[in-house]
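Contents: one structure, followed by commentary.
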Amino acid sequence: MRISVIGCGYLGAVHAACMAKLGHHVTGIDVDERKVAELSAAVAPFYEPGLEDLLQEVQSTGRLSFTTDMAATAGSDVHFICVGTPQKKGENAADMTYVDAAVRALLPYLSPGQVVVGKSTVPVGTASRLADTIAGAQPDVHLVWNPEFLREGHAVSDTLNPDRFVYGVSDGSEEHPAVAILDEVYDTPLSAGTPRLVSDLATAELVKTAANSFLATKISFINAMAELCEAAGADVTQLADAIGMDDRIGRKFLHAGIGFGGGCLPKDIRAFMARAGELGADQALTFLREVDAINMRRRSRVVELTRELCGGSLLGKRITVLGAAFKPESDDVRDSPALSIAAQLQLQGAVVTVTDPKALANAARRFPELQYVEDTDSAVMNADALLLLTEWQQYRELDPHSLKQSVKELRILDGRNVLDPAKWRAAGWHYRGLGRP
């Protein structure tokens with residue numbers, strides 16, 4: 001099939017490359033000339049494992065191209081809307097500027113029988129509004145809402161081998177003509193057994209924000225338990241193991257630490273609350289305010305623990321932060337708890353050095369006042385304390401014995417609870433975890 005992908009950021013670039021991998025002829029459109037130039041040269045504009053190799057592979061087949069010209073969408077069977085929906089400045093609500101602009105720009109190039117597919121995470125009610133806009137310009141074009149469920153660091157495999165498909169269509173029925181067209185787009189993973197659910201538009205819009213809100217709640221729950229464990233002298237890691245054995249609960253996302261960040265969970269739960277308020281159902285989601293508050297409180301808690309670790313004062317202490325990205329296998333620093341903590345420590349008088357395998361360039365643009373060192377050995381030199389805040393594998397595998405030769409003081413705060421406390425303490429380190437004795 002001929003496919004256009006409008007918006008070639010994180011979601012769109014991955015989706016375009018994966019659709020070409022599935023055998024479709026794909027054109028990616030973005031207003032950012034630099035991004036289009038990089039993608040056209042098979043260079044990923046952000047770090048995502050496997051994406052650059054995939055770009056090189058599919059571009060060599062001639063099935064994938066990128067442009068800034070919206071006219072290139074003409075003649076495509078399916079148009080995917082993959083633009084961002086950031087949080088509005090000074091508000092919790094999602095900014096729909098880019099989604100609305102993408103649809104308006106697409107309208108002149110639509111033809112009867114084509115399908116517009118929304119993949120962006122939007123407030124419920126957006127799809128119905130956009131469907132009316134599209135129908136006003138071209139009544140024989142269908143709108144489907146097909147939410148994405150990508151995990152950064154696993155986006156290529158999540159797109160090629162998803163755990164489910166959700167199609168939101170106007171009448172919510174399997175007989176809707178757009179269902180068969182999307183089935184053709186996704187024929188390979190569907191044939192491999194990926195389950196598919198057809199719903200009305202509103203339900204499909206709610207799926208992603210509801211899922212993210214549930215995951216955020218689970219993370220904040222275990223972080224609240226970490227606060228209680230610290231007060232009671234209990235171990236939150238063992239607590240999570242025990243309650244995770246209950247198959248109604250499960251162990252996934254029960255990892256106490258410095259909290260969640262990134263470009264999805266924080267802004268999605270805030271936009272969810274804002275939209276519920278607009279619909280008059282704000283009381284249904286008041287619990288998410290506490291979920292958000294617990295998450296933000298973890299950052300200040302790490303600052304307090306670092307002060308304790310350093311003997312009661314941060315002034316002049318050399319702190320090395322291991323990790324800048326909000327999660328490993330990503331260079332994304334949007335709402336990164338690690339960077340937020342580093343900045344707070346610096347404001348309180350510490351001398352902070354940040355290291356990360358992939359995210360330093362993005363981090364330096366966001367917090368230029370911090371010091372960045374790419375090489376881990378150099379970054380830890382003469383440190384008064386180490387803070388492991390992003391659980392990259394290379395930080396998990398650090399040797400406490402060899403590190404002793406580099407640092408000034410044997411102090412480490414494990415912000416992700418991924419190190420072996422006994423091993424580090426046996427090597428002479430003052431180890432602190434979150435919610436652990």
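The values are calculated or read from the model by the stated rules, or taken from the named source; none is laboratory data. This one's a predicted model, so the numbers in the text were calculated from it and none came from an experiment. Quick reminder, even Gly has a Cβ in these numbers, built from the backbone with ideal geometry, and neighbours come from all protein chains shown.
Across the stretch 199-235, the qualifying residues are those that are β-branched (Val, Ile, Thr), within 16 Å of Leu285 (Cβ to Cβ) and touching a helix residue (DSSP H, G or I) at 6+ places or on another chain (Cβ under 9 Å), and the one among them that is modelled with the highest pLDDT is Thr217.
I need the strands (runs of 3 or more DSSP E) fully contained in the stretch 1-79, keeping only those with at least 1 residues that are within 18 Å of Asn146 (Cβ to Cβ). Steps first, answer last, please.
Numbers: elements: 2-6, 25-29, 64-67.
Here the list reads 2-6, 25-29.
Residue pairs whose Cβ atoms lie under 8 Å apart, sitting 6 or more positions apart in sequence or on different chains, and linking a residue in the stretch 43-64 that is in contact (Cβ under 8 Å) with a residue 24 or more places away in the chain to a partner that is of a type in the set (Lys, Arg), are Pro45/Arg34; Pro45/Lys35; Tyr47/Lys358; Leu54/Lys21; Glu57/Lys21; Val58/Lys21.
Of all residue pairs spaced 6 or more apart or on separate chains, those with beta-carbon atoms under 9 Å, a first member in the stretch 8-31 that is free of Cβ contacts under 8 Å to residues at least 40 places away in the same chain and a second member that is of a type in the set (Val, Ile, Thr) and in a loop (DSSP other than H, G, I, E, B) are Asp30/Thr68; Asp30/Val83; Val31/Thr68. Looking at Phe272, Phe287, just one residue is buried (at least 19 other Cβ atoms within 10 Å of the Cβ), hydrophobic (A, V, I, L, M, F, W, C), farther than 29 Å from Asn382 by Cα and in the same structural domain as Glu391 (by TED's automatic domain parsing), and that residue is Phe272. The residues of the stretch 399-435 that are hydrophobic (A, V, I, L, M, F, W, C) and more than 23 Å from Leu345 (Cα to Cα), listed by number, are Ala422, Trp424, Ala426, Ala427.
Residue-by-condition table, conditions (1) free of Cβ contacts under 8 Å to residues at least 24 places away in the same chain; (2) buried (at least 21 other Cβ atoms within 10 Å of the Cβ); (3) in contact with a Ser or Thr (Cβ under 7 Å, 6 or more places away or on another chain); (4) assigned to a helix (DSSP H, G or I):
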position	(1), (2), (3), (4)
Pro368	yes, no, no, no
Met381	no, no, yes, no
Ser406	no, no, no, no
Glu409	no, no, no, no
Leu413	no, yes, yes, no
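Mind checking whether some residue in the stretch 159-180 is modelled with pLDDT under 95, touching a helix residue (DSSP H, G or I) at 6+ places or on another chain (Cβ under 7 Å) and either surrounded by 15 or more Cβ atoms within 10 Å (Cβ to Cβ) or of a type in the set (Ser, Thr, Tyr) (or both)? No, that holds for no residue.
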